[in-house]
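The values are calculated or read from the model by the stated rules, or taken from the named source; none is laboratory data. Here the structure is a predicted model, which is why all the values come from computation and not from measurement. All Cβ positions, even for glycine, are placed from backbone atoms using ideal geometry, and neighbour counts span all protein chains on display. These area figures cover heavy atoms from the full protein model, side chains too; ligands, DNA and RNA do not enter into them. Shrake-Rupley method; radii C 1.70, N 1.55, O 1.52, S 1.80 Å.
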Amino acid sequence: MPTMDHKIMSKSTAFTEEDVCKAIRDRVLEQRLAPGTKLTEDSLCSIFGVGRTTIRRAFLLLTRDNIIELQKNKGAVVATPSPEDARQVFEARMVLERAMLEKATENATADDLKRLRAHLADEEQALKAADIARWIRLTGKFHILLSQLSKNDLMCNFLEQLVFQTSLIIALYGRTGAAPNCKGGDHERLVDAMERGNATEAGDILIHHLASIESQLVFEARSGEQDLHTIFATAND
């Protein structure tokens, strides 16, 4: 697999702030970029082959989604949700995502369900290949794909922020040795219920699914220095 440096060198056009944002968001979804990690401009300029202006514009976009914080005398750091933040995020997801799932079940076409099945196959493939970072990222994106079927852009944008916050929360408070993210079987059962047109069953599966993830949290924060070049060394698909 090519390295990020190779990808930069072979890219025909310059990286934009959106490219930088996507790379950082993906590392957050993968739970590889831990809360509290300092994002130094010099390192990111070197990694992406861009100037400080591009990195700073990316930082502004990421603060909007509460993925990073700009701290006085420290610069940009990956956001660190508190235990109360975690409680509120899961509460919000249970209310919002269930409502969106009901609309998604009503709206889902045969092609939509086919795309969800294809995504589930990608999750399974990543897990079988022991590509855990990709699997974690895909399980988070599954919920974003579901939300898009509700056809409510405002709610989708908010849900996407909550999914990223959930990844930060699991990275910070996830129980050592526990399953790091979603259970793939839950996703499959959820799509099965949608295919039957049973929004109530799909909603019940979703709530149990989120409650199970929340129950694995242990509010003893872990921290440690991370090397940004190592974190961004592997290119995403």
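Observations on the structure shown:
- Among the residues listed as Leu190, Leu172, the single one being at pLDDT 95 or above and either assigned by the TED database to the domain that holds Arg115 or outside any helix (DSSP H, G or I) (or both): Leu190
- Positions within the stretch 74-98 being within 15 Å of Asn152 (Cβ to Cβ) and open to solvent by 50 Å² or more (accessible area, probe 1.4 Å), in sequence order: Val95, Arg98
- Every residue from the stretch 72-118 that is touching a residue at least 24 places away in the same chain (Cβ under 8 Å), over 21 Å from Glu30 (Cα atoms), part of a loop (DSSP other than H, G, I, E, B) and of a type outside the set (A, V, I, L, M, F, W, C): Lys74
- So Glu106, is it under 23 Å from Ile207 (Cβ atoms) and exposed (fewer than 15 other Cβ atoms within 10 Å of the Cβ): yes
- Residue in the stretch 26-39 that is surrounded by fewer than 16 Cβ atoms within 10 Å (Cβ to Cβ) and more than 22 Å from Ile136 (Cβ to Cβ) present: yes
- Hits in the stretch 119-156 - residues which are of a type in the set (Lys, Arg) and either in a helix (DSSP H, G or I) or under 16 Å from the mean Cα position of the chain (by Cα) (or both): Lys128, Arg134, Arg137, Lys141
- Pairing each residue of the stretch 144-166 that is assigned by the TED database to the domain that holds Ala34 with any residue that is of a type in the set (Lys, Arg), provided the two are 6+ apart or on different chains, yields no C-beta distance under 9 Å.
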